[in-house]
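Asks: So that we are looking at the same thing, I have put the structure below in structure tokens.
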Amino acid sequence: MVKKAVAAVAAFICAVVCVLVAVSLLIGGGAGEANATTCTGKLTPVGDGTNGPGDGGAAPEFEGASQNKTSQVRIPLTPQGKQELPRWSAAQVRNAASITNVARTRNLAPRAAVIAVATAMQESSLNNISGGHADSVGLFQQRPSQGWGTVPQLTDPVYASKKFYDSLVKIPDWQTKPLTKVAAGVQRPAEELRGEYAKWEQSAGSLVAEAWGDHAVTSEFTGCENDTSATSQTAASGVVDPVTKLKSKAPRSPTQAIQAARKANGMSGWYRQCELFVEQAYGTRAVHATANAGWQAAVAGGYAHAGDSRPPPGALLYYDTGEYAGHVALYLGRDQVASNDVMTNGQISIVSRRELTDGRWRLRYRGWAEPRFPAHPGLNRI
């Protein structure tokens, strides 16, 4: 009886310790990186949201070189509903950059800038207009009669942004609440308009990532779905990819590009040529000098899906590497990508997406973009 009692106590202690360890890993993220146990479908807090982005996690390695983790900035996104991805003019992009830079100078987390830029997209289409509903003016359509400031002040993007952030940081848990609720809490629109900010989240994330710097990214891919209902449906059908069909402006279709990439599995000669690889998989000559250049073109063109971890087959997946060039891989479907260098320098390999985010490279996922290349053939190596 004594032995059984001792054994029972030991088992209980072991169970408690295991639970505590599991909880500590869940809260701390293990080595600072997301993994399957952290998938809750909610936004991941970044620092305290007031005093900067916080710890970016353990330093990633790319092609054997450890990267500076302090330059990594996460902008967690869980877009609600259908997203609008328009093409923005140079003036509109500059206004988004002004809003973003005010967040940076105030040492706010990038999430604040995403909320602010999305709000300005809804209120003014990122135009610093001198009029609007009643006495509303500026990027955020703030009203002098409601104490926001004078007309000259509110049509100054810097002043208007500061006033927006003053109200934003007073909202409890703004870092993890849905964007549209936080924006509505600041703007206080009519009840029927409170949900209108949600559709700008991806587009705002793209412009903020562009303005924040080369190492700003819009999400950290965890290898699991955010939408549990979609997950259960796809699991039941045995299909893990959405039915989105991409239209390529290059000679090859997405299906043909996937076939070409699969045939290239094991091929050598692609050291640090990720952008060239995905372009030639689509049957076109080099268009962008680097993956980062390709991502920036997608952002500017309005076809970047920042932070969306459910790309369709044929999509181009972009990653922050901590270096100027970045990385891009071709999504094959069913959680597989074709990528150069990931297993062996210069060699094309077909691996799980987790190999890029949780393997030895530990890259930060930016988002995906549709394949849009000039409609002309090139000298194809695949």
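The values are calculated or read from the model by the stated rules, or taken from the named source; none is laboratory data. None of these values were measured; they are calculated from a predicted model. With ideal geometry, Cβ positions are generated from the backbone for all residues, glycine too; neighbour counts draw on all protein chains shown. Just so you know, the surface numbers come from the protein's heavy atoms only, side chains and all, with ligands and any DNA or RNA stripped out. Shrake-Rupley method; radii C 1.70, N 1.55, O 1.52, S 1.80 Å.
Asks: Condition test on I99, is it surrounded by 19 or more Cβ atoms within 10 Å (Cβ to Cβ) and either modelled with pLDDT under 55 or in contact with a Pro (Cβ under 6 Å, 6 or more places away or on another chain) (or both)? Don't jump to the end; show me each part of the working.
Replies: Values: surrounded by 19 or more Cβ atoms within 10 Å (Cβ to Cβ): yes; either modelled with pLDDT under 55 or in contact with a Pro (Cβ under 6 Å, 6 or more places away or on another chain) (or both): no.
Considered against the rule, which asks whether it is surrounded by 19 or more Cβ atoms within 10 Å (Cβ to Cβ) and either modelled with pLDDT under 55 or in contact with a Pro (Cβ under 6 Å, 6 or more places away or on another chain) (or both), I99 comes out as no.
Asks: Tell me, which residue of region 148-163 that is open to solvent by less than 70 Å² (accessible area, probe 1.4 Å) and in contact (Cβ under 8 Å) with a residue 60 or more places away in the chain is nearest to the chain's Cα centre (by Cα)?
Replies: In this case the residue turns out to be S161.
Asks: Test of understanding: among G266, G283, G195, which residue is at pLDDT 90 or above, in a loop (DSSP other than H, G, I, E, B) and not aliphatic (A, V, I, L, M)?
Replies: G266
Asks: Which numbered condition in (1) open to solvent by less than 50 Å² (accessible area, probe 1.4 Å); (2) within 14 Å of A120 (Cα to Cα); (3) in a helix (DSSP H, G or I) is the only one that P189 fails?
Replies: Just one mismatch for P189, condition (3).
Asks: Next question. What are the residues in region 339-372 that are closer than 13 Å to F277 by Cβ, over 20 Å from the mean Cα position of the chain (by Cα) and not acidic (D, E), if any? Let's see the steps before the verdict.
Replies: First, the residues of region 339-372 that are closer than 13 Å to F277 by Cβ: 339-342, 346-350, 371.
Now narrow it down to the ones that are over 20 Å from the mean Cα position of the chain (by Cα): 340-342, 346-350.
Listed by number, the residues that qualify are N340, V342, G346, Q347, I348, S349, I350.
Asks: Suppose we filter region 244-263 for residues that are farther than 21 Å from A293 by Cβ, assigned to a loop (DSSP other than H, G, I, E, B) and of a type in the set (G, A, S); how many remain?
Replies: Number of matching residues: 1.
Asks: Do we have any residue at all in region 296-309 that's touching a residue at least 40 places away in the same chain (Cβ under 8 Å), of a type in the set (D, E), part of a loop (DSSP other than H, G, I, E, B) and under 26 Å from P86 (Cβ atoms)?
Replies: yes
Asks: When A250 is evaluated against the numbered criteria (1) of a type in the set (G, A, S); (2) on the phi > 0 side of the Ramachandran plot; (3) at pLDDT below 85, which criterion, by number, is the only one it fails?
Replies: The one condition A250 does not meet is (2).
Asks: Since V239 meets every condition but one in (1) modelled with pLDDT of 60 or more; (2) closer than 20 Å to Q336 by Cα, which condition does it not meet?
Replies: The number of the failed condition is (1).
Asks: Taking G359 and the conditions (1) in a loop (DSSP other than H, G, I, E, B); (2) closer than 23 Å to P312 by Cα; (3) open to solvent by less than 10 Å² (accessible area, probe 1.4 Å), which numbered condition does it fall short on, given that it satisfies the others?
Replies: Every listed condition holds for G359 apart from (3).
Asks: Right, another one. Within region 329-355, how many residues turn out to be under 21 Å from G367 (Cβ atoms), of a type in the set (A, V, I, L, M) and in a loop (DSSP other than H, G, I, E, B)?
Replies: 1
Asks: For region 302-321, name all the residues that are open to solvent by 10 Å² or more (accessible area, probe 1.4 Å) and either at pLDDT below 90 or acidic (D, E) (or both).
Replies: Across region 302-321, the qualifying residues are G302, Y303, H305, D308, S309, R310.
Asks: While we're on this one: Report whether or not L139 is farther than 17 Å from W174 by Cβ and open to solvent by less than 10 Å² (accessible area, probe 1.4 Å). First the steps, then the outcome.
Replies: Values: farther than 17 Å from W174 by Cβ: yes; open to solvent by less than 10 Å² (accessible area, probe 1.4 Å): yes.
So L139 fits the description; yes.
Asks: Among the candidates S167, S145, single out the residue that is open to solvent by 10 Å² or more (accessible area, probe 1.4 Å), in contact with a helix residue (DSSP H, G or I) (Cβ under 9 Å, 6 or more places away or on another chain), of a type in the set (S, T, N, Q) and not in a loop (DSSP other than H, G, I, E, B). Lay out the reasoning, then the answer.
Replies: Values: S145 fails: in contact with a helix residue (DSSP H, G or I) (Cβ under 9 Å, 6 or more places away or on another chain).
Only one candidate qualifies: S167.
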